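This report concerns only the one structure given below.
The values are calculated or read from the model by the stated rules, or taken from the named source; none is laboratory data. Values in this document were obtained by computation on a predicted structure and should not be read as measured data. As a convention, Cβ positions derive from the backbone with ideal geometry for all residues, glycine included, and neighbour counts pool all protein chains shown.
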Amino acid sequence: MTTFASKAITYYNALSAPTTLPPGVGVMNPYQQPEVQQIVREFYTKFYEDTHPRVFVLGINPGRFGAGITGISFTTPQNLRRYCGIENSLRDTPELSSRFIYQVIEALGGAQTFYGQFFLTSLFPLALIKDGKNYNFYDDRTTTNVLWPAITETVRTQLHFGASRHVAVCLGRKNETYLRRLNEQQGFFERIVTLDHPRYILQYKTKDSPLYLEKYIATLQDCLDVGL
């Protein structure tokens with residue numbers, strides 16, 4: 001039996017970085033590191049060792065302090081230990097998005113329950129950096145165009161891990177523009193629903209974060225009703 005886990009492990013631990021990025025745009029590929037490869041194996045074996053479909057929750061591309069370090073979407077080294085029970089020797093990193101996402105995960109029953117129903121991922125699987133800071137694939141048109149074939153292939157390949165095609169959750173209002181464009185081209189999902197990006201919430205709407213948390217919980221629960 002080929003499980004969701006086995007497909008994901010094979011995919012991530014074979015990822016290679018693009019070589020045609022515009023000048024000044026760099027990429028982080030943690031999957032070449034033995035400790036990250038072990039984390040990937042342990043994480044997916046623990047939470048995805050089955051053939052059940054998941055509702056996909058898609059961000060932009062990883063940040064340099066989350067999956068850019070651990071290889072696990074929206075997950076810092078410390079949250080990997082605290083919430084997922086996966087020990088590691090990676091240095092702790094600050095990451096607003098990871099903090100909010102794990103509030104959501106805990107509210108929905110914890111990592112075992114959440115990952116049994118959802119798959120957190122991104123349109124492009126590797127962290128981008130420019131001038132030492134996080135960079136988004138849509139921050140300039142050239143980068144978008146260069147990465148578009150890889151973005152298309154990323155989502156297409158990951159669907160075969162075990163996706164519910166009825167609905168997908170998009171994280172980020174600007175990200176929605178590109179996911180909808182991709183979906184119009186490829187027909188990956190029947191419906192897309194969008195939530196504000198966790199970084200935006202904690203960076204600009206901290207006072208309202210409890211309301212955003214409620215919105216996340218309600219939206220994700222609604223997606224389960226139609227998606228699985």
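Side notes on the structure shown:
- The C-beta contact set for the stretch 101-129 (first residue in contact (Cβ under 8 Å) with a residue 24 or more places away in the chain, second residue hydroxyl-bearing (Ser, Thr, Tyr) and part of a helix (DSSP H, G or I), distance under 7 angstrom, 6+ apart or interchain) comprises Val104/Tyr216; Tyr115/Tyr48; Leu123/Thr154; Leu123/Tyr178; Phe124/Thr154; Pro125/Thr154.
- Annotation note: Cβ proximity below 9 Å between a residue of the stretch 165-180 that is closer than 15 Å to Cys223 by Cβ and a residue that is among the basic types (Lys, Arg) and part of a helix (DSSP H, G or I) (sequence gap 6+ or interchain) occurs for Cys170/Arg180.
- For the stretch 171-187, the set of residues classified as in contact with a helix residue (DSSP H, G or I) (Cβ under 9 Å, 6 or more places away or on another chain), of a type outside the set (Ser, Thr, Tyr) and either closer than 17 Å to Arg99 by Cβ or surrounded by 20 or more Cβ atoms within 10 Å (Cβ to Cβ) (or both) consists of Leu171, Gly172, Leu179, Leu182, listed by residue number.
- Filtering Thr76, Thr70, Thr3 for residues that are at pLDDT 95 or above, of a type outside the set (A, V, I, L, M, F, W, C) and under 16 Å from Gln117 (Cα atoms) leaves a single hit, Thr3.
- Single match in Gly227, Gly132, Gly162 (criterion: small (Gly, Ala, Ser) and modelled with pLDDT of 95 or more): Gly162
- Residue satisfying all of: in the stretch 6-45; closer than 19 Å to Gln117 by Cα and of a type in the set (Val, Ile, Thr); surrounded by the most Cβ atoms within 10 Å (Cβ to Cβ) among these: Val40
- Qualifying residue in the stretch 30-53 (condition: on the phi < 0 side of the Ramachandran plot, in a loop (DSSP other than H, G, I, E, B), charged (D, E, K, R) and touching a Ser or Thr at 6+ places or on another chain (Cβ under 7 Å)): yes
- For the stretch 18-32, the candidate set comprises residues that are polar (S, T, N, Q) and without any contact (Cβ under 8 Å) to a residue 12 or more places away in the chain; within that set, the residue that is nearest to Thr76 (Cα to Cα) is Gln32.
- Unmet criterion (only one of (1) in contact with a Lys or Arg (Cβ under 9 Å, 6 or more places away or on another chain); (2) buried (at least 16 other Cβ atoms within 10 Å of the Cβ)) for Lys133: (2)
- Lone unmet requirement of (1) at pLDDT 95 or above; (2) part of a helix (DSSP H, G or I); (3) loosely packed, with under 14 Cβ neighbours inside 10 Å; (4) not hydrophobic (A, V, I, L, M, F, W, C) for Gln203: (1)
- Taken over the stretch 36-68, the criterion of being of a type in the set (A, V, I, L, M) and over 13 Å from the mean Cα position of the chain (by Cα) is satisfied by Val36, Ile39, Val40.
- Matching residues in the stretch 49-86 - criterion: being touching a Gly at 6+ places or on another chain (Cβ under 8 Å) and of a type in the set (Phe, Trp, Tyr): Phe74, Tyr83
- Some residue of the stretch 73-93 being of a type in the set (Gly, Ala, Ser), in contact (Cβ under 8 Å) with a residue 24 or more places away in the chain, assigned to a helix (DSSP H, G or I) and within 24 Å of Thr194 (Cβ to Cβ): no
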